[in-house]
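Peer 1: One structure, pasted below without further comment.
The values are calculated or read from the model by the stated rules, or taken from the named source; none is laboratory data. Treat the numbers as computed from the prediction; the structure is a model and nothing was measured. Cβ sites come from the backbone with ideal geometry, for glycine too, and all protein chains shown count toward neighbours. For the accessible areas, the whole protein counts, side chains as well, though only heavy atoms, and no ligand, DNA or RNA atoms are used. Shrake-Rupley method; radii C 1.70, N 1.55, O 1.52, S 1.80 Å.
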Amino acid sequence: LPSRDLDLRDRIRHLMTGFGFTEAVTYSFMSRVSCDRLRLPPDDPRKRLVEILNPLTEDQTVMRTSVIPGLLEVMQRNISQQVRDLKLFEMGKIFINTDQEALPEETEMLVGLWTGAGVPASWHADITDCDFYDTKGAVEGLFSGLKLSHSRYTRRPSDTCLYLRPGYAADIALGDAVVGSMGEIRPEVLSDFEIKQ
């Protein structure tokens, strides 16, 4: 039901902004090298790209198969302007090519990015950088606000940590279904996106 989907999106927006996140809206296109910058292996489904016939720029030659590169680029631009404390989220579709003769598979994603201070600076507390547990708290708050219970967080196996740092990543499950992942971005991936924090 379209109205139910819109209501859910509005609730997520309301909750995320309540947690101090700002909504980002990036292009549904990306550069062909974005998947390489994320360190995705050749057989990863996100490497099945949908070509744009008449791209606007060289950086937008394919439909995005991940929202993460767009948010990392927003992060890099902000940090280059000395904005070091960022809490961003984006809801948007990714497009996976399943068959050259058919339309791509479209999946709605919610992605969050947090860098810099874990809490705003104040006169009575030192600034501390955000960490895994700050992020986990935001995810748990979102689930609580959506009345989703029985969330579990399990250590993500090192061999599946493509763009996440091994030992600092977790799979997120609701009941028996894995619904996402969270963790710290690998230093090599940050370097590929020219991010120094």
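Peer 1: Cβ-Cβ under 8 Å, sequence separation 6+ or interchain: first residue in region 37-52 and without any contact (Cβ under 8 Å) to a residue 60 or more places away in the chain, partner part of a helix (DSSP H, G or I) and acidic (D, E). Which pairs?
Peer 2: The qualifying pairs do not exist here.
Peer 1: Applying the selection to region 77-107, what residues are touching a residue at least 24 places away in the same chain (Cβ under 8 Å), among the charged types (D, E, K, R) and open to solvent by 60 Å² or more (accessible area, probe 1.4 Å)?
Peer 2: Correct list: R84, D85, K93.
Peer 1: If you don't mind, another one. Can you tell me which residues in region 160-197 are in a loop (DSSP other than H, G, I, E, B) and at negative phi?
Peer 2: If the condition is that a residue be in a loop (DSSP other than H, G, I, E, B) and at negative phi, then C161, L162, Y163, D176, R186, F193, I195, K196, Q197 are the ones that fit.
Peer 1: Could you say which residue among Y153, Y168 is free of Cβ contacts under 8 Å to residues at least 40 places away in the same chain and closer than 28 Å to R9 by Cβ?
Peer 2: After applying the criteria, what remains is Y153.
Peer 1: Hey, another quick one. Which one is nearest to S34 (Cα to Cα) among residues in region 152-197 that are hydroxyl-bearing (S, T, Y) and out of contact with any Leu (no Cβ under 8 Å at 6 or more places or on another chain)?
Peer 2: S191
Peer 1: Assess whether D159 counts as being over 16 Å from Q197 (Cβ atoms), over 14 Å from the mean Cα position of the chain (by Cα) and not β-branched (V, I, T).
Peer 2: Yes.
Peer 1: Continuing with this model, one more query. Of all residues in region 150-187, which are in contact with a Phe, Trp or Tyr (Cβ under 9 Å, 6 or more places away or on another chain) and of a type in the set (D, E)?
Peer 2: D171, E184
Peer 1: Could you list all residues from region 36-51 that are farther than 22 Å from F89 by Cβ and open to solvent by 40 Å² or more (accessible area, probe 1.4 Å)?
Peer 2: Within region 36-51, D36, R39, P41, P42, D43, P45, K47, R48, E51 qualify.
Peer 1: For region 8-30, which residues satisfy the criterion of being among the aliphatic types (A, V, I, L, M), surrounded by 17 or more Cβ atoms within 10 Å (Cβ to Cβ) and not in a helix (DSSP H, G or I)?
Peer 2: A24, M30
Peer 1: Another one. Would you check which residues across region 53-65 are over 20 Å from E108 (Cα atoms) and in contact (Cβ under 8 Å) with a residue 12 or more places away in the chain and list them?
Peer 2: P55, L56, E58, D59, T61
Peer 1: For region 136-159, check the following and say yes or no: at least one residue is open to solvent by 40 Å² or more (accessible area, probe 1.4 Å), of a type in the set (V, I, T) and not in a strand (DSSP E or B).
Peer 2: No, there is no match, as no residue in region 136-159 is open to solvent by 40 Å² or more (accessible area, probe 1.4 Å), of a type in the set (V, I, T) and not in a strand (DSSP E or B).
Peer 1: In addition: Checking G20 against (1) more than 20 Å from Q76 (Cβ to Cβ); (2) under 18 Å from the mean Cα position of the chain (by Cα); (3) modelled with pLDDT under 90; (4) of a type outside the set (S, T, Y), only one condition comes out false. Which one?
Peer 2: Evaluating G20 over (1) more than 20 Å from Q76 (Cβ to Cβ); (2) under 18 Å from the mean Cα position of the chain (by Cα); (3) modelled with pLDDT under 90; (4) of a type outside the set (S, T, Y) leaves (3) as the failure.
Here's the yes/no breakdown for (1) closer than 30 Å to K136 by Cβ; (2) among the β-branched types (V, I, T):
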position	(1), (2)
N54	no, no
E58	no, no
V83	yes, yes
F89	yes, no
